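Down below is the structure, laid out as structure tokens.
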Amino acid sequence: MDDNYQTYLTRVAKLAMPENYKTQVQHIHSSPKFKLLPGGGRQAVAFPGYTVIAPPAQDDNQNIDFYQSLHSFQKQLIELSPKDLIVPVPPGSLHITLADLIWESAYNYAQENVEKFDIKLINAISKIFEQYQQAKTASPIEWQILGITVMPRAIGVSLVPKNENAYNQILNLRRAIYQSPDLTALGMEQHYHFTPHITLGYFGEVTPSLERDRLSKTISELNQQLSDYPLKIYQAQLRKFDDMTHYYREQDWAILTF
């Protein structure tokens, strides 16, 4: 399902083109992953599952400058956007997803209907990581921010690899995950093309009076201020989440080192 390198570059380049923001902001909606509180503000709702990600900002000591810069940009984005439009992702939870696994209703169903589901999933990922580690040729993986990307229910920054090898290493890992008989037996399958990004926030209060043209102009202007710090992907980790604000792991869960 995933694109080859050149097709991927062409596709994501369009996502971050300022002239497309006018169209993209016409289709934004409030994210169901957050609920409106009686006194105002929004709170994350239950949305459990598992994912494979690079270490999130709070656990990443090799990309400190990158995430500090991205957090500053996130604050600026929130400040310049209409009040309550964007529910920010906690700075420590900013991350790049390498492979979605299972979430919400599919996860709840699997937990209820597959004996020892969590243990089987954790063991399957450990096996995949071990096999990949033995087969791979070690080389650094470096990505860069391309630009802001506006999704229907969230906003973030899209990323591009420094070179084709960096892209293919992640693709090979994704193939190992999505073609794993152990994970397939647990009901997991690939749902999306690989579109690496870091979500900065989810859309909250999207009112009929939202000045969408003004918003697209703000996004276009902010797009020029993104930093060029590289993101070094040096690990892939299995992480569990209960909602979209926190991603955690147990100490004995396997880690893949690139």
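Coordinate-derived values only; no laboratory data. Since the structure is predicted, the reported quantities are computational estimates derived from the model, not experimental observations. Neighbour counts run over all protein chains shown; Cβ positions are idealised from the backbone, glycine included.
What the table shows:
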| quantity | calculated |
| --- | --- |
| Surrounding net charge for G204, when Lys and Arg each add one and Asp and Glu each subtract one, Cβ distance under 12 Å | +3 |
| Percentage relative contact order, the range 130-186, counting C-alpha pairs under 8 Å, at least six apart | 28 percent |
| Qualifying chymotrypsin sites (Phe, Trp or Tyr not before Pro) in the range 129-208, DSSP loop, other Cβ atoms within 10 Å at most 16 | Y192 |
| Local net charge near A44, Cβ-Cβ under 10 Å (Lys/Arg +1, Asp/Glu -1) | +1 |
| Residue order, fewest to most beta carbons within 10 Å, for E205, E211, E112 | E112, E211, E205 |
| Amide H contacts of L85 (H built 1.01 Å from N, under 5 Å, at least 5 apart or other chain) | E205 |
| Karplus (6.51, -1.76, 1.60) ³J(HN,Hα), θ = phi - 60°, over the range 15-26, in Hz, Gly and Pro reported as x | 5, 9, 7, x, 5, 8, 4, 4, 6, 4, 6, 6 |
| With Cα atoms, 0 to 90° folded angle of helix 104-113 axis to the chain main axis | 30 degrees |
| Dipole of the chain, positive end: most advanced residue of G49, L173, Y67 [Cβ charges, Cα centre] | Y67 |
| Using θ = phi - 60° and Karplus 6.51 cos²θ - 1.76 cosθ + 1.60, couplings along the range 185-201 (whole Hz; Gly, Pro as x) | 5, 8, x, 8, 8, 7, 10, 10, 5, 5, 10, x, 7, 10, 6, 9, x |
| Rg ratio (alpha-carbon, reference 2.2 N^0.38 Å) - the range 1-97 | 1.30 |
| By average C-beta atoms within 10 angstrom, highest first, the peptides 29-38, 118-127 | 118-127, 29-38 |
| Amide H within-cut-off set for T149, under 5 Å, with H built and near neighbours excluded | G156, V157, S158 |
| Helix 212-223 vs. the chain, principal-axis angle (Cα, 0 to 90°, nearest 10) | 60 degrees |
| Inter-part distance where the range 65-103 and the range 191-251 are each reduced to a Cα centre, Å | 5 Å |
| Positive minus negative residues near N123 (Lys, Arg vs Asp, Glu; Cβ under 15 Å) | -1 |
| Helix-only [θ]222 nm of the chain, DSSP H runs n ≥ 4, -39500 (n - 2.57) each, per residue, nearest 500 | -11000 deg cm²/dmol |
| Distance histogram for the range 5-257 (every C-alpha pair counted, 5 angstrom bins, percent rounded to whole numbers) | 1, 6, 13, 17, 18, 17, 14, 8, 5, 2, 0, 0 |
| Long-range HN-HN contacts of Q144 with modeled amide H, under 5 Å | V160, K162, L231 |
| In order through the range 249-258: 3J(HN,Hα) via Karplus (6.51 cos²θ - 1.76 cosθ + 1.60), integer Hz, x for Gly, Pro | 8, 8, 4, 8, 6, 5, 10, 9, 9, 8 |
| Relative contact order (%) - criterion: Cα under 8 Å, at least six apart; region: the range 5-257 | 36 percent |
